[in-house]
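Written below as structure tokens is the structure these notes are about.
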Amino acid sequence: MKDGNKEARATSDRFSTGLGVLMATLGSAVGLGNIWKFPYLTGSNGGAAFLIIYIICTILVGYPIMIAEHALGRKGRSDAFSTFKKLAPKSIWWIIGAMGILAAFLIMAFYTEVAGWVFAYVFKSFGSGLLSTDPQVTTSVFTSLVTNPLQSLIWQWIVLIVVGAIIIMGVTKGIEGTTKKLLPILAILLIIIGIRSITLPNSVEGLTFLFKPDFSKITATTILTALGLAFFKLSIGMGAMLTYGSYYGDNQNIPVNAARVVAADLTVSILAGIAIFPAVFSFGFEPAAGTQLLFITIPSVFASMPFGKFFMVLFFLLTSFAAIGAMISLVEVVVAFLVNSLGMARNKATFATMAGMAVFGSLAALSNSTLSAVKVFGLTFFDFYDFTTSNILLPVGGLLLAIFTAWVWGWNKFNATTSNEGAIANTGVTRVVFTILKFVTPILVAIILLTGLKIIQF
């Protein structure tokens with residue numbers, strides 16, 4: 001394909017409205033992390049004090065890198081790989097984009113399996129098998145799901161088909177159109193469940209846990225956990241925000257939109273906490289239940305309350321909506337690369353991406369059954385994908401992205417892009433963000449990297 005045709009293809013897709021920009025970007029940030037990871041990490045690290053530290057870490061890490069990705073993406077008007085080829089020709093900075101694309105692909109390889117469990121639970125919640133106050137019963141239901149190779153594969157494939165169908169419709173009709181519908185529904189469902197939760201007996205204990213800080217519970221581990229969550233929670237470092245930035249219109253206020261995304265994402269997380277913790281405390285369950293909170297503890301909690309089945313259906317439905325928004329952005333990273341850099345048609349690029357994710361994802365899907373004994377560096381395929389992305393690709397990519405933006409691309413280009421070539425008077429804000437990105441963010445991301453690799457320990 002000629003370069004002119006590539007350029008035309010690269011610039012043809014844009015988000016159509018400011019609301020579409022916000023919803024699509026927020027859809028990428030909001031995922032299972034809001035409904036599952038944020039509550040259980042908050043529960044495991046002392047509640048309100050952890051929440052405060054998480055907000056601070058988000059301001060110092062998540063927000064600056066998100067702005068950088070959006071700015072680079074809009075300036076490059078291409079996929080994550082080609083953006084750096086354009087902005088820094090005849091250099092090796094394209095490695096940042098390549099790492100982001102690889103990270104997005106590998107994350108989808110195991111994320112689709114977890115999303116498959118959520119999809120399965122939507123249907124299981126209509127039956128009676130999950131409706132038990134006995135955690136042993138809900139544990140059995142979950143174990144039978146994840147250890148059944150056929151169920152694991154089928155639910156993963158269903159997830160891929162749903163996401164692929166959305167992606168193939170394109171940026172405006174597919175990504176923007178879907179997120180504009182799903183996110184309001186997600187918010188409404190969260191509010192409904194939250195209202196039900198706070199009306200339960202002794203719910204005030206859960207609200208106190210979430211909003212009344214006890215700073216005596218703060219440790220170095222607490223701070224590191226909050227720092228890591230702030231980095232991973234906003235879909236930064238994996239090419240998603242950079243790719244979505246390429247679809248931004250020239251009039252979009254990047255710092256303001258990033259602030260709206262961060263604020264809305266935090267709001268969704270807090271709403272999830274309001275929906276979960278009062279109910280957990282009301283019925284005497286453990287808020288620090290860890291990773292089993294979503295699939296084992298939550299069903300028991302809903303089984304304990306009046307109309308629990310109805311609210312359990314709503315809960316897993318909204319969780320599936322959250323998962324879809326995040327997965328759309330991850331798949332789009334790979335599809336955009338195939339379209340812009342390799343000249344593939346969107347439908348062919350989508351099919352190729354889905355096929356690749358189905359192959360590599362099946363290894364993760366079977367990690368609890370057929371392939372449980374197969375190890376890569378002592379890890380199952382599921383854990384290997386998770387470790388490689390979370391501990392290596394994302395922090396290294398985020399670190400290099402911060403360094404590139406602040407030290408290579410530089411203030412003048414950063415300011416020109418984030419101010420829409422001087423059309424927006426936001427130099428004061430962008431100067432603060434740039435300073436944080438230049439001096440603070442790289443250090444904090446480096447700590448995340450070194451801690452994840454167990455090079456340093458606290």
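Each reported figure results from applying straightforward, stated rules to the coordinates on display, with no laboratory input. Every value quoted in this text rests on a predicted model; they were computed, and no experiment measured them. Reconstructed Cβ throughout: ideal geometry from the backbone, glycine too, with neighbour counts over all protein chains shown.
With the convex hull of its Cα atoms as the shape, segment 35-179 has an orientation-averaged projected area of 12.4 nm². Bridgeable lysines around Lys348 (alpha carbons under 18 Å apart, same-chain partners fewer than 8 residues away excluded): Lys6, Lys173. Projection of the Cα convex hull of segment 319-458, averaged over all directions and equal to a quarter of that hull's surface, yields 12.8 nm².
Whole Å is fine, so just give me how far the alpha carbon centre of segment 149-227 lies from that of segment 245-289. With segment 149-227 and segment 245-289 each reduced to a Cα centre, they are spaced 8 Å. Our coupling estimate for segment 147-163, obtained by passing each phi through the Karplus curve with A = 6.51, B = -1.76, C = 1.60 and θ = phi - 60°, is 9, 8, x, 5, 4, 4, 5, 4, 5, 5, 5, 4, 4, 4, 5, 4, 5 Hz, Gly and Pro reported as x. Taking the empirical scaling 2.2 N^0.38 Å for compact globular proteins as reference, segment 239-291 has a Cα radius of gyration ratio of 1.74.
Listed by chain and number, the lysines placed with their C-alpha closer than 21 angstrom to that of Lys212 are Lys37; residues fewer than eight positions away on the same chain are left out.
Of the peptides 105-118, 236-249, the ranking by mean beta-carbon count within 10 Å, highest at the top, reads 236-249, 105-118. Across q = 0.09, 0.11, 0.13 Å⁻¹, segment 3-452 modelled as identical point scatterers on its alpha-carbon atoms has Debye log10 I(q)/I(0) values of -0.55, -0.83, -1.17, in the order of the q list.
Simple point charges give the picture: +1 on the Cβ of Lys and Arg, -1 on the Cβ of Asp and Glu, and for the chain a dipole about the Cα centre of about 880 debye. One quarter of the surface of the convex hull around the alpha-carbon atoms of segment 161-210 equals 4.9 nm², the direction-averaged projected area. Let's test the formula: R0 of 35 Å, r as the Cβ-Cβ distance of Ile443 and Thr267. What FRET efficiency results, to the nearest 0.05? The calculated FRET efficiency here is 0.80.
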